[in-house]
Each structure stands twice: as structure tokens, then as C-alpha cells.
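Asker: Next up is a structure, given as C-alpha cells.
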Amino acid sequence: MLEVKSLGKKYDQHWVLKEIQMSVSSGEFFSLLGPSGCGKTTLLRLLAGFEDPTTGEVWQDGSRIDRLPPHRRQFNTVFQRYALFPHLNVWENVAFGLRMKKVETRELTERVSEALVLVQMDTFFEREVSTLSGGQQQRVALARAIVNRPKILLLDEPLSALDLKLRRQMQVELLALQRRLNLTFIFVTHDQEEALTLSDRIAVMNSGVIEQIGTPQEIYESPKTEFVAEFIGSMNTFAGSVHEVREGEISLAGCSKKPLAVRPPSDGLRPLPRLTPLDSAKLMVRPEKLKVLKTQPGPEVNCLEGVLKEILYQGAMTRFLVSSREGGLTWMVEQPNTAATAKKIFQLGERVFISWLPEDGILLRSQGIGGQSESNSPLG
Ligand SMILES: Nc1ncnc2c1ncn2[C@@H]1O[C@H](COP(=O)(O)OP(=O)(O)OP(=O)(O)O)[C@@H](O)[C@H]1O
Ligand SMILES: [Mg+2]
């Protein structure tokens, strides 16, 4: 439905977006995720037509739209800084677009009420918007965009001003609405949990480029670059060099006593990278895939010896920090709190073993000199 080809934007001499390639299907919940300043808002502004691209094209349903003015595109935008009409009350702010389109009164009343109920602002319908809190204004801005039922809704961090509980509630309702009306959402966030929960697909951005596009599971379980691996969730990273390459297994040597094995998981989601002995590589393991043990496990799992530095009880799980001379770093392990784990009492300073399955390791070619990543290569 929407196709973005080699889109780039330069301000002065500085490229803030480079070679953006993405396509979004009708009815898809597509998120742009990345740190502050990576170009998310700029990309939305190019899609909506508030800014002209320096390079590239935008196509919608087979027509090129990147030179059309915003009002001739079938998009609605919820801006990061919610632009409401300060002289109108909540109801009139939401009704504005429908009045312009001369929607008849009964339908207008129905749609405005529905949008206000959705954002839980129905009891505030008579309030002047200047008297609302930031989060309340954000909800009115959201209602004002939804009420128009645009083909594509561009949402720039629409929930960022809400407290956690309301935010979670609105996430669920937003997703239900998007599915019910079959709307296409391009949703900007820098909250990784929000992106994982809501999206059909996520584009992870870094310094003006898309590093990876994939389903939440692909992004989390099979990151293609170190940036994606470390930006989403927590990660333990071990740098080493390839020791041995065998059918279905690569082992990595570094400062561990025994080489650490990596195998592709059986779901096929994460094939092994093409590496040869002595290549430098990174082995990454998520904290929840690791176990802390009192005794050394068998040779079928990877294992490092270390000293327990910290035990952090977090309700649903316990986080252990283990410093290991092998691997030369502090490893973070997260284990769910169950009756079985509660029986194992650990002491600070105790000698422990960290173990994980070869299928739970993520292996990436080291980036930098001589080690170009296999994903998008930025222009210029
Ligand atoms: N009009 C402009 N002139 C010059 N530089 C700009 C302009 N607009 C944006 N930039 C720069 O482009 C880069 C990307 O900005 P953008 O607002 O797209 O980031 P973002 O990913 O939305 O960040 P945040 O999460 O903080 O909202 C920033 O370095 C910003 O300073
Ligand atoms: Mg922004």
C-alpha cells in the first residue's frame, strides 16, 4: 500500500535520513523504533508531506505522492507536540475535521463521542483545551486524528505523556480500534516494549538509517546488527574469534576456558552467519536465557565460572550479576521466581556457574574495519 524508495533528507550539509527503504501493507501496525534524534519524526514529516525529501520517492497504491501537499495525501498525523486549537473546547477540537468535510450531524455526534470514549476524555468534552494536562491534550490529539478514519494514521509518540497504567490501557484500546477499523498505523516510539507489544512489524532506526525491519519476534530473537541486539531488551555480549566451523555449529574462543558453542535454533529463525576460523565475532545471550547454577553442568551446555556480585529481587524475576574472569565482564542473568528457584539460596560472593544452550546464543560478525554487517549499508 505504501512504498518508500531510497528516501533521504539533508539539512544544511548533514544527512538526517539516508536510503530509507520500507513498504507498509494495508491494515498493518508498523512501528518506527530508535533512540532520540535518529530521524523518526523527520521520516513521518516526509511521509505526511510537511517536508520535501532530498532524495527518493514515496508511493501509495501505485501513485507517486512525494510531491503532493499534505492535504492531498490520505494521511492523518498525531504530532509529537500535539497541535490542538487553543480557542476551541475538547468536543470542537475533535469535531473540527468532520465539520470541514460537512459530515451530517448524527454521524458527527456518533463519531466524536466514540473517539472521546476511546481516549477516556468523554467527560471532558466541554473543557477548554488550554486547561488540560499534557497527557489529556495528547489523548484529545489522538481522538482528533482517529475520528477522520484516515487510510494511514501517522502517530508520533502518541502515548508518551501518559502514566504507565493509562498508557498500557490505551495501547490495548488503540490496537483493538486499529484492527476493528482496519486502519494502517505508522507508529513512532522509542519505547521498545511498546513497539514489541503492538506492532505487526518494526523498523529499528539508528542515526538516519533503518538497521532492520522485521516482526517483533525476528527483531528480538534474530537481530541482524549489534545495534539492534543491544537497543532491544538487555544483552550479554562476548567478543571473541571463531574457533571452529562445523555443520550446524560454530564455536567461539576468547577468554573462556572452553570454546563456546552456537547452534541455530530449530525454528529456523536464526541461521548461523557465514564465518571462517579466526574471524572476529560477537556472541550475545539474553539474560533470561541464562541460568545460575551452584554446580558445574554437563558438556552439552555452554558454561562460565564466576562470582555472584549482586542479587536483585524484582518481583516476577530475580536478576543476578555475575562477574567472570572468563568472558571478562559482568553477566546479567534473569530467572523467574518460582518455588523451584526459591529453594536455591545464593550468597553474595559465592562461586557460581552460568550456563546456556548453544541454541540460545546469537552470533554476529564483528562490525567495524573489515567486518561490514550484512544489513543495510548507509549511503555516503
Ligand atoms: N529543520 C531542521 N533543521 C536541521 N536539523 C533538523 C531539522 N529537523 C530535524 N533536524 C535534525 O534531524 C535529526 C533527527 O531529528 P528527528 O526529530 O527526526 O529525531 P527523532 O528520532 O524524532 O527524535 P526524538 O525521539 O527525540 O523525537 C536530529 O539530529 C535533528 O536535530
Ligand atoms: Mg521525534
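Just so you know, all these numbers are worked out from the coordinates, no wet-lab data involved. All values derive from a computational prediction rather than experimental measurement. Cβ atoms come from the backbone with ideal geometry, glycine included; neighbour counts cover every protein chain shown.
Asker: Along the charge dipole of the chain, Cβ charges K/R +1 and D/E -1, which of P259, T197, G306 sits furthest on the positive end?
Answerer: Value computed over the given set: T197.
Asker: Compute the FRET efficiency between V307 and E244 as 1/(1 + (r/R0)^6), taking r as their Cβ-Cβ distance and R0 = 25 Å, and round to the nearest 0.05.
Answerer: On the way: r = 29 Å, r/R0 = 1.16.
That gives a FRET efficiency of 0.30.
Asker: Just need the Rg to Rh number for the range 234-365, please, alpha carbons only, Kirkwood Rh.
Answerer: Reported Rg/Rh (Cα atoms, Kirkwood Rh): 0.98.
Asker: To the nearest 500 deg cm²/dmol, what mean residue ellipticity at 222 nm is calculated for the chain from DSSP H runs of n ≥ 4 alone, each contributing -39,500 (n - 2.57), summed and divided by the residues?
Answerer: Calculated mean residue ellipticity at 222 nm is -6500 deg cm²/dmol.
Asker: Please report the orientation-averaged projected area of the range 124-261, defined via the convex hull of its C-alpha atoms, in nm².
Answerer: That works out to 12.4 nm², a quarter of the Cα hull's surface.
Asker: Calculate how steeply helix 105-118 sits against the longest principal axis of the alpha-carbon atoms of the chain, using the helix alpha-carbon long axis, and give the answer as 0 to 90 degrees to the nearest 10.
Answerer: Computed tilt is about 30 degrees.
Asker: Also, quick follow-up: To make sure I understand the rule: partners must be lysines, Cα under 22 Å from the Cα of K224, and not fewer than 8 residues away in the same chain. Which ones qualify?
Answerer: Partners within reach: K5, K18, K40, K282, K289.
Asker: With θ set to phi - 60°, apply the Karplus curve 6.51 cos²θ - 1.76 cosθ + 1.60 along the range 137-153 and write out the HN-Hα couplings as whole Hz, x wherever there is a Gly or Pro.
Answerer: Once rounded to whole Hz, the list reads 5, 4, 5, 5, 4, 5, 4, 5, 7, 5, 4, 7, 6, x, 4, 10, 10.
Asker: Name the residues whose placed amide hydrogens come within less than 5 Å of the amide hydrogen of S256, ignoring near sequence neighbours (fewer than 5 apart) on the same chain.
Answerer: G327
Asker: If you don't mind, there's one more thing I want to ask. Just to check I understand the Karplus step: with θ = phi - 60° and J = 6.51 cos²θ - 1.76 cosθ + 1.60, what whole-Hz values come out for the range 13-22, glycine and proline as x?
Answerer: In residue order, the calculated couplings are 9, 10, 7, 9, 9, 9, 6, 7, 10, 7 Hz.
Asker: Send over the semi-axes of the range 138-217's equivalent ellipsoid, whole angstrom and largest first, taken as the square roots of 5 times the C-alpha gyration tensor eigenvalues.
Answerer: Taking √(5λ) for each Cα gyration eigenvalue gives 21, 15, 13 Å.
Asker: Applying the Karplus parametrisation 6.51 cos²θ - 1.76 cosθ + 1.60 with θ = phi - 60° to the phi angles of the range 75-90, what ³J(HN,Hα) value in whole Hz is obtained for each residue in order, glycine and proline being reported as x?
Answerer: 10, 10, 10, 9, 6, 4, 9, 4, 9, 9, 7, x, 8, 10, 7, 4
Asker: Ok, one more. Quick query: amide H of R127 versus all other amide H atoms, modeled in the peptide plane; which residues come in under 5 Å with a sequence gap of 5 or more or a different chain?
Answerer: Placed amide hydrogens put V90, W91 under 5 Å from R127.
Asker: From the gyration tensor of the Cα coordinates in the chain, what semi-axes in whole Å does the equivalent ellipsoid have, largest first, with each one equal to sqrt(5λ)?
Answerer: They are 46, 26, 16 Å, listed from largest to smallest.
Asker: Subtracting the Cα-Cα distance from 0.36 nm times the residue separation, let me have the gained length for S23 to L181 in nm, one decimal.
Answerer: On the way: separation 158, 0.36 × 158 = 56.88 nm, distance 2.05 nm.
Fully extending the segment from S23 to L181 adds 54.8 nm.
Asker: Over the alpha-carbon set of the range 2-226, divide Rg by the Kirkwood Rh and report the Rg/Rh ratio to two decimals.
Answerer: 0.97
Asker: Counting other Cβ atoms within 10 Å, which GluC sites (Glu not before Pro) in the range 210-291 have at most 10 and lie in a DSSP loop?
Answerer: Sites meeting the loop and neighbour criteria: E247.
Asker: Please name whichever of Q217, N89, I354 sits farthest to the positive end of the charge dipole of the chain, dipole taken about the Cα centre and charges placed at Cβ: Lys and Arg +1, Asp and Glu -1.
Answerer: So the residue furthest toward the plus end is N89.
Asker: Same structure, new question: What net charge do the residues around R111 carry, taking every other residue with its C-beta under 12 Å from that of R111, with Lys and Arg at +1 and Asp and Glu at -1?
Answerer: Net local charge, R111 excluded: +1.
Asker: What's the longest piece of the chain with no exposed trypsin sites (Lys or Arg not before Pro), counting a site as exposed if DSSP puts it in a loop and it has at most 14 other beta carbons within 10 Å?
Answerer: It works out to 103-256.
Asker: Once amide H atoms are built 1.01 Å from N in the peptide plane, which residues 5 or more positions from T184, or in another chain, come under 5 Å H to H?
Answerer: G27, L153
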